[in-house]
Amino acid sequence: MISGDLSVFPLLPVLQMLLVSGRGGVFTVDHPRGGELWFEHGEVLHARSGGLSGEAALQLLASVNGGTFTFEPGATPPERTLSLKQDAALHWLLGETDAWAPLLQVLPDWDRPLHFTARWTDQQPVTRDQYRLLSRVSPGTSLRTLVEQSGLLPRTAAGLYAPFVSGGLLDFG
């Protein structure tokens, strides 16, 4: 078993090492946006993060910028939701990591619930997708839960909440 701190050993270099090694097993990330990735022979076979799996879970895992990790060799995935070879997986993860950076500045705390601020009015113009997501905001519901239940890819859902947080219409409770 291998373990470490992602603030010391960043996610992408660790994943690159695992993919290049060709080892099989499960990579677990302990973080509010964490989860598990299963590898075999330099390929990502399955991702799970909370209630998400496959591409959605992998996308959320690409947002992780801290926490701890473990890798247990030999573990087999419970299912196969992905088929990303080494180079494709690393290229995809690099693009996702870069795309998450501005969103994470606005949405840093995924464990705390979002709530409407006093600046919110029912006259606030919103798109249909924004309305659908905003109607889920309720006391005690964390951003992570809202994103998982959105039915959208995590970065898309976070991107719909972000302007309301940066505009002071939503805040973390």
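The values are calculated or read from the model by the stated rules, or taken from the named source; none is laboratory data. This one's a predicted model, so the numbers in the text were calculated from it and none came from an experiment. Glycine gets a Cβ as well: all are built from the backbone with ideal geometry, and neighbour counts include every protein chain shown. Remember, those area values only see protein heavy atoms, side chains included, never the ligands or the DNA or RNA. Shrake-Rupley method; radii C 1.70, N 1.55, O 1.52, S 1.80 Å.
Quickly run through the range 140-173 and pick out the residues that are open to solvent by 40 Å² or more (accessible area, probe 1.4 Å) and either more than 23 Å from Ser49 (Cα to Cα) or small (Gly, Ala, Ser) (or both). Once the filter is applied, which keeps residues that are open to solvent by 40 Å² or more (accessible area, probe 1.4 Å) and either more than 23 Å from Ser49 (Cα to Cα) or small (Gly, Ala, Ser) (or both), the range 140-173 yields Gly140, Gly151, Pro163, Ser166, Asp171, Gly173. Only residues that are among the basic types (Lys, Arg) and closer than 15 Å to Ala157 by Cα were counted in the range 104-129, giving 1. Residues that are in contact with a Lys or Arg (Cβ under 7 Å, 6 or more places away or on another chain), in contact (Cβ under 8 Å) with a residue 60 or more places away in the chain and open to solvent by less than 80 Å² (accessible area, probe 1.4 Å) are absent from the range 1-10 altogether. A single member of Ser21, Ser53, Ser49, Ser63 is surrounded by fewer than 18 Cβ atoms within 10 Å (Cβ to Cβ) and hydroxyl-bearing (Ser, Thr, Tyr), and it is Ser21.
For the range 11-39, which positions are in a loop (DSSP other than H, G, I, E, B) and in contact (Cβ under 8 Å) with a residue 40 or more places away in the chain?
Across the range 11-39, the qualifying residues are Arg23, Gly24, Pro32, Arg33.
Kindly evaluate Leu93 against the criterion of being within 16 Å of Val14 (Cα to Cα), out of contact with any strand residue (DSSP E or B) (no Cβ under 6 Å at 6 or more places or on another chain) and among the aliphatic types (A, V, I, L, M). Yes; evaluated as a whole, the condition is true for this residue. If you check Ala118, Ala89, Ala101, Ala75 for being within 15 Å of the chain's Cα centre (by Cα) and either surrounded by 15 or more Cβ atoms within 10 Å (Cβ to Cβ) or closer than 30 Å to Gly168 by Cα (or both), only one passes: Ala101.
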